[in-house]
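Each remark here refers to the structure printed beneath this line.
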Amino acid sequence: MLDFIIKRLIQVVVVVLLALTVVFFLIRLSGDPTALFLPPDASREQIEEYREMLGFDRPIYIQYGEFMVNAVQGDFGQSLRSKEDALPLVLSRLPATFQLAISALILSLLIAIPLGVLSAYKRNSVFDRISVALTVLGQAVPSFWLGLILIYFFAAQLNILPSGGAGSIVHLILPMITLAAYSVARFTRFTRSTMLDVLRKDYIRTAKASGVPTIRLVGRYALKNSLIPIITLVALDLGTLLGGAVITEVVFAWPGVGRLLMQSLMNRDFPIVLAGVFIVALIYAVINFIADILYAYVNPQIRVK
Amino acid sequence: MEKILQVKDLRIQFNNGKENIQPIRGVYFHVNKGETLGIVGESGCGKSVTSLSVMGLLPQKTSEIVSGEILFNDRDLSRLTEREFRKLRGNEISMIFQEPMTSLNPVFTIGKQLSEPLRQHKKMSKSKIRETIIAVLKQVGLPRAEQIIDEYPHQLSGGMRQRVMISLALLCQPKLMIADEPTTALDVTIQAQILELLKNIKRKNDMSLILITHDLSVVAEMCDRVVVMYAGEVVEEAEVNELFDQPLHPYTQGLIQSLPSNNKRKSKLFSIQGQVPKPSEIKEGCVFANRCPFVFGKCLTETPPSFQKGKHISKCWLQDPEEMEVKRIGESSTVIS
């Protein structure tokens, strides 16, 4: 087990470093940011001088090497615009992102697992058909549209919820629903199909032949078997929720990492983008790492090996 | 002799959404107290469906018992509610399945799974449950029962898992145990051990056993009486020696001829020509008519009834006393033996 953990930890480091490398080069492809920070009438010499000051005039591999050496030490440089340290700035936005992602995740699990289990158990019933239809819809609706619709009804028309910003539970409701909609749909469909699969297994028939009542059979036996694949999906999605809530954060002006990343990208504020990518990649990798450990808890076959 | 189970004219219908098919048509058999009844037949003949219907484990939405009775101690199981059935399952009737590798839940310990029948049917304390399980695990010949109870299925071999399955079926000391191909998935040496174990347990616990198999050598070894099924019908029923000595139905004869014999090593094995008709293809007449070497006019038009000779029953026009006369005059009578 210890071997397994160490191996996976090394993978986490490799993944994060690779992600940083890829983004570092991709972002350079978008061009030189210096012009953006100087007034339009700046002379060629001034631009050159500014480039030199920021270090953009050196060969790219030297810039990369320097960036990596600093990044490993936690130094991502300063915002080109506000001159704030990049990493602390990103970290200061993390709590908001976490709050939104975790609440959306909890909401979706609370809805999706019972819904999926019930759908599978009552397969092809009216309930099942409605739930399948809703989940298809949930996956198909883009979050910027759903966000705007929710704002239109609950903020603009009914005027009962704020349209954006953060600060209280009330502010959380609409972005949480928007972000959860897709996950609810995904988790429900997945729980349903996994559960259907498990309910057909020989060992469920064995338990039934032992006289186990249906509720216990579904709720205790089959659910635990289904949890293994569900945990994987949840882990993957939590990574997406944390790192990829960009659109929802922008629509609701939610002060999280996603919105910061978006703004920094627009401004070509490279240090912040890279610090943001670092945090998101790290979270993503760590969550997957935790999911692997959790498997081992649920699935004894992994635990023993 | 006291009959513990009687299946009378059982007819089961499956609906796959488009059409109705009847994989079991008019199945008729009984199990005496303390006896081992073998149900033989090739894949798809309805052996497993019959046994699942006795356990009430047929899929509720897609299957239906159209007619007939399943009397267990004179109680008709085909009319029980799910709740009533649950009290019987694993308690008075239990079942061992074919696949020991997949029949145990991989995420629960052996002890946890074995505690279910006791939990559902007997009022026992946790420590008493554990004690009982260990005792039964020892009874089925598992070494280190005290450790195995806390292990997971993947830590056990196929033979050990089948022993665990047997102990699961034994826990509540059922009156009837159904073993559906209990040794098919196991290798030959383990097979012999498991069969021996079933025999001993049956004797010790004074229960009845239905052994479902397609392996005639297992039948010869284990059973008192045999029911031969073909395409959803019982075509022959006899005591085991009688069946092997004097099979009456051409299908049974074909099955017995298909057994390899020791002294003819290089000869080609006998096989019955043709294929089992699908339930949807079954027409008028005898179900075996399209493969029968002795087929004649009546076989194609009229379904043969069950002809009884002592305890030997077979569903073949050749056993019709009138036909026998005709045949004797026509050709030789070797056809029948």
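At a glance:
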| quantity | calculated |
| --- | --- |
| Pairwise label distance in nanometres, B:A135 with A:L18, each label 7 Å out on the Cα-Cβ vector | 5.8 nm |
| Listed peptides B:162-171, A:288-297 by packing density, highest first (mean Cβ within 10 Å) | B:162-171, A:288-297 |
| Centre separation in Å (Cα based) which lies between the range A:158-235 and the range B:67-136 | 29 Å |
| Cβ-based charge dipole, the protein assembly as shown, positive-most Cα from B:F288, B:P247, A:P114 | B:P247 |
| Neighbouring partner chain Cβ atoms per residue of B:102-112, average, 10 Å criterion | 5 |
| Simple spin-label estimate for B:T62 and B:L269 in nanometres, 7 Å along Cα-Cβ | 3.1 nm |
| Cβ-Cβ FRET estimate between A:L94 and A:R44, R0 fixed at 25 Å, reported to 0.05 | 0.05 |
| Table column - 3J(HN,Hα) (Hz), the range B:117-122, Karplus curve with 6.51, -1.76, 1.60, x for Gly and Pro | x, 5, 4, 6, 10, 10 |
| Listed residue (B:V40, B:I166, B:Q13) projecting farthest to the positive dipole end of the range B:3-230, Cβ model | B:I166 |
| Rg ratio (alpha-carbon, reference 2.2 N^0.38 Å) - the protein assembly as shown | 1.37 |
| Test item: Cα-centred dipole of the range B:103-145, Lys/Arg +1 and Asp/Glu -1 on Cβ, debye | 180 debye |
| Whole-number accessible area per residue in Å² for the range A:189-305, which is evaluated in the context of all protein chains at 1.4 Å | 39 Å² |
| Helix-only mean residue ellipticity at 222 nm for chain A, each DSSP H run of n ≥ 4 adding -39500 (n - 2.57), per residue, nearest 500 | -24500 deg cm²/dmol |
| Chain A: DSSP helices with Cα axial extent of at least 20 Å and average Kyte-Doolittle hydropathy no lower than 0.5 | A:2-29, A:86-121, A:126-140, A:169-199, A:223-243, A:270-298 |
| Prolate/oblate/rounded call for the range A:86-304, Cα gyration tensor, a/c under 1.5 rounded | oblate |
| 37 °C / 0.692 mPa s Stokes-Einstein diffusion coefficient of the range B:3-230, Kirkwood radius on C-alpha pairs, µm²/s | 182 µm²/s |
| Shielding by other protein chains, A:199-205, mean Cβ within 10 Å | 5 |
| Value of [θ]222 nm, deg cm²/dmol, for chain B, DSSP H segments ≥ 4, -39500 (n - 2.57) each, nearest 500 | -9500 deg cm²/dmol |
| GNM result for chain A, Cα springs below 10 Å: residue of A:S168, A:S264, A:S119 fluctuating most strongly | A:S168 |
| 20 Å cut-off, amide nitrogen to a point 7 angstrom out along B:K123 Cα→Cβ, residues in the range B:158-173 | B:172-173 |
| Charged-residue dipole, Cβ positions (Lys, Arg, Asp, Glu), the range A:86-304 about Cα centre, Debye nearest 20 | 880 debye |
| Fraction of accessible area attributable to carbon and sulfur, the range B:197-327 (%, probe 1.4 Å) | 49 percent |
| Sequence-separation-based contact order of chain A, relative, with Cα cut under 8 Å and 6+ spacing, percent | 27 percent |
| Heavy-atom accessible area, 1.4 Å probe, ligands and nucleic acids excluded: residues of the range B:35-67 down by at least 40 Å² from chain alone | B:L57, B:K61 |
| Residue among A:G74, A:G256, A:G31 with the largest mean-square fluctuation in a Gaussian network model of chain A, springs linking Cα atoms under 10 Å | A:G31 |
| Cut-off 12 Å (backbone N to label point 7 Å along Cα→Cβ of B:K33), residues of the range B:1-20 | B:1-5 |
| Whole-number accessible area per residue in Å² for the range B:3-230, which is evaluated in the context of all protein chains at 1.4 Å | 40 Å² |
| Share antiparallel - DSSP beta bridges, chain B, percent rounded to 5 | 60 percent |
| Protection-proxy order for peptides A:216-227, B:197-208, A:39-50, B:229-240, each taking the mean of Cβ atoms within 10 Å per residue, highest first | B:229-240, A:216-227, B:197-208, A:39-50 |
| 10 Å Cβ neighbours from other chains, averaged over peptide B:223-235 | 0 |
| Calculated FRET value between B:I256 and B:E19, using beta carbons and R₀ = 30 Å, to 0.05 | 0.30 |
| Contact surface A-B: accessible area buried, both sides summed, square angstrom, 1.4 angstrom probe | 2400 Å² |
| Cα-centre dipole for the range B:3-230 with unit charges at Cβ (Lys and Arg positive, Asp and Glu negative), debye to 20 | 860 debye |
| Considering only the protein assembly as shown, percent of DSSP beta bridges that pair antiparallel, nearest 5 | 60 percent |
| Efficiency of FRET from Cβ geometry, A:D202 and B:K199, R₀ 22 Å, rounded to 0.05 | 0.35 |
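The values are calculated or read from the model by the stated rules, or taken from the named source; none is laboratory data. Everything numeric in this text was worked out from a predicted model, so none of it was measured. Note that each Cβ is placed from the backbone with ideal geometry, even for glycine, and that neighbours are counted across all protein chains shown. Note: accessible area is taken over every heavy atom of the protein model, side chains too, but ligands, DNA and RNA are not part of it. Shrake-Rupley method; radii C 1.70, N 1.55, O 1.52, S 1.80 Å.
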